[in-house]
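The values are calculated or read from the model by the stated rules, or taken from the named source; none is laboratory data. Since the model is a prediction, treat every value here as computed from it, not as a measurement. The accessibility values were calculated without ligands, DNA or RNA, using every heavy atom of the protein model including side chains. Shrake-Rupley method; radii C 1.70, N 1.55, O 1.52, S 1.80 Å.
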Amino acid sequence: MSAFCRIVLASIAIFATPAFEALAQKDVAGSADHALVGRYEGSVATFYQAKAYDEVKLPFMPAARNEKDKTAWQSDLAGRLTSIRYEGPAGRSVLEVMRNYEAALKAKGFEIRLFCREAKECSPERSPSDFWDAARGRVGMPTTWDTTVYLLAEKQADSGKITVGILG
């Protein structure tokens, strides 16, 4: 791993209830979209945290039962960390939002290291909670194992490696 790494964690929650959407029309105070990741149109930032330095582990491959050591499917990352939780617009599926993020990141030169859906793809031989707990990257967010999508992307920049983990 390079000496310096930027990590961006984004968690996307999709709620289809109009009453909730009416309550959450403003971003949380002090939040900002990450310049390299942005946001899905109509989403609202409900959590934002930026740290000059932190460490986090994120899955880079599906979790396998026979791997007793979690480092076999998780990367140790350290560096500048931006964590954002968005609530997506009503009427959009998690998969639609995540496919948009995937396309946008590819267009910006990111390599998609992992894109998996649901427990059967992300944690086929292990407890799904192990995978989702790691994929959250300490950003509080509920997961629904039968609809959750995870994306991990990386890009080498002049300032070091940039890693983006998104759980939707």
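List of remarks:
- Fraction of accessible area attributable to carbon and sulfur, the range 28-168 (%, probe 1.4 Å): 49 percent
- The range 72-168, accessible area per residue, ligands and nucleic acids excluded (1.4 Å, Å²): 41 Å²
- Fully extending the segment from Lys57 to Ser129 would add 24.4 nm, taking 0.36 nm per residue of separation and subtracting the current Cα-Cα distance.
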